[in-house]
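Have a look at the structure below, then the notes.
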Amino acid sequence: MTWTPEQPFNSLPPLPPAVELETRAVLKACIPARAALAAMNQAASLMPNPAMLVNTLPMLEARDSSEIENIVTTADRLFQHAGGAEQQADPATKEALRYRGALYWGVASLAQRPLSTATAVEVCRQIKAVDLDVRRTPGTQLVNDRTGAVVYTPPQGEALLRQLLGNWENFLHNARDIDPLVRMAAAHYQFEAIHPFVDGNGRTGRVLNLLFLVQEGLLDLPILYLSRALLRHKADYYRLLRDVTQSGDWEPWLLFMLQGVEHTAQWTMAKILAIKQLADHTAQHVREHLPKLYSRELVDVIFEQPYCRITNLVDRGIGQRHAASRYLHALAGLGVLQAQTLGKEKLFVHPRLLWLLGDEAHAVRRYDPRAVA
């Protein structure tokens with residue numbers, strides 16, 4: 001393998017590489033990663049309403065995956081602008097919201113067709129909100145943000161890029177003798193090395209990771225918060241990608257990704273269990289103090305979005321607009337929600353849920369019955 005940062009890496013080797021991917025250490029690391037994913041899936045299956053997870057955890061993934069590319073927003077802004085106020089958001093928040101939308105689209109698309117180059121193109125289009133395609137013109141280079149030095153020049157030429165993407169697809173679907181977690185990690189390197197688009201490659205590649213795990217049956221819902229580990233070890237993430245390119249050093253990269261899956265699956269499982277605990281506690285609190293208003297469906301809705309709107313209740317058939325407004329104001333009076341105004345829109349924020357989603361210790365803040373009149 002010959003490679004210099006300033007020259008297009010047109011000799012990028014196809015998958016699988018000439019070296020052994022499934023070394024003893026890699027296969028050993030697959031075992032706890034698979035166990036953690038299975039435990040996380042089991043925890044998610046215990047939730048009475050999967051939308052509590054699907055509407056919240058991918059938002060954290062969108063935030064961190066975007067931040068890896070220096071597109072910085074907050075979970076609070078994302079939840080505040082999701083579901084009706086996207087146009088009022090700042091550019092970084094809009095772009096992270098599009099990441100979540102691309103993930104949702106990708107999961108739905110798997111019912112019609114397996115993961116493919118066409119999937120990657122559409123995911124990137126949705127993230128960037130432009131009608132792009134595989135690169136056709138030369139000139140794309142990756143540079144160090146601090147020094148401006150070129151650190152990598154991806155392959156050039158549309159025909160070559162499509163050939164490499166065809167090999168990437170074939171590896172994902174047909175290398176069945178290789179563990180799917182190893183395939184995911186190897187394919188993620190390859191996609192980033194191909195760098196098929198002018199922009200959005202990193203985020204597209206991280207969406208594809210989750211889609212592949214869903215496709216392979218290792219992930220029941222697109223809720224694995226994998227970008228958490230990648231952001232927290234961003235320097236290692238880029239260094240290990242570069243080491244594969246520079247010296248074919250595959251094992252450290254694969255171990256990094258497998259450990260990332262394991263740790264984030266464990267973290268996500270703990271978050272799921274804490275959300276369920278808070279939901280059950282909130283249901284009990286509302287049932288005790290507002291028995292005539294209480295329904296489990298109402299509690300479920302306020303856990304689907306940390307910022308709830310009157311239309312959320314109307315759309316779920318819980319009540320017409322006047323009744324829905326009364327329910328949300330009653331929950332605010334109980335201290336479960338807090339009423340806020342965004343432009344002309346009335347929002348009801350769920351402070352305990354929002355705090356829990358951002359808390360690394362997954363602590364549940366319980367209601368104080370003494371505070372209820």
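The values are calculated or read from the model by the stated rules, or taken from the named source; none is laboratory data. Bear in mind the structure is a predicted one, so any value in this text is a computation, not a measurement. Quick reminder, even Gly has a Cβ in these numbers, built from the backbone with ideal geometry, and neighbours come from all protein chains shown.
For segment 330-368, give me each residue that is within 22 Å of Lys292 (Cβ to Cβ), of a type outside the set (A, V, I, L, M, F, W, C) and surrounded by 15 or more Cβ atoms within 10 Å (Cβ to Cβ). Passing the criteria: Gly335, His350, Tyr367. Determine if segment 120-128 includes at least one residue that is of a type in the set (Lys, Arg), over 30 Å from Ile310 (Cα atoms) and at pLDDT below 95. Among the residues of segment 120-128, not one is of a type in the set (Lys, Arg), over 30 Å from Ile310 (Cα atoms) and at pLDDT below 95, which makes the answer no.
Selection over segment 203-255 of residues that are in contact (Cβ under 8 Å) with a residue 24 or more places away in the chain, over 24 Å from Met59 (Cβ atoms), in a helix (DSSP H, G or I) and not hydroxyl-bearing (Ser, Thr, Tyr) gives a count of 9.
A count restricted to segment 1-55 and to residues that are over 30 Å from Cys308 (Cβ atoms) and polar (S, T, N, Q) stands at 6. Residues that are outside the structural domain of Gly83 (by TED's automatic domain parsing), without any contact (Cβ under 8 Å) to a residue 40 or more places away in the chain and of a type in the set (Lys, Arg) number at least 1 in the following helices (runs of 4 or more DSSP H) confined to segment 267-373: 321-334. Within segment 239-287, if we keep just the residues that are closer than 30 Å to Leu142 by Cα and among the acidic types (Asp, Glu), the residue that is nearest to the chain's Cα centre (by Cα) turns out to be Glu262.
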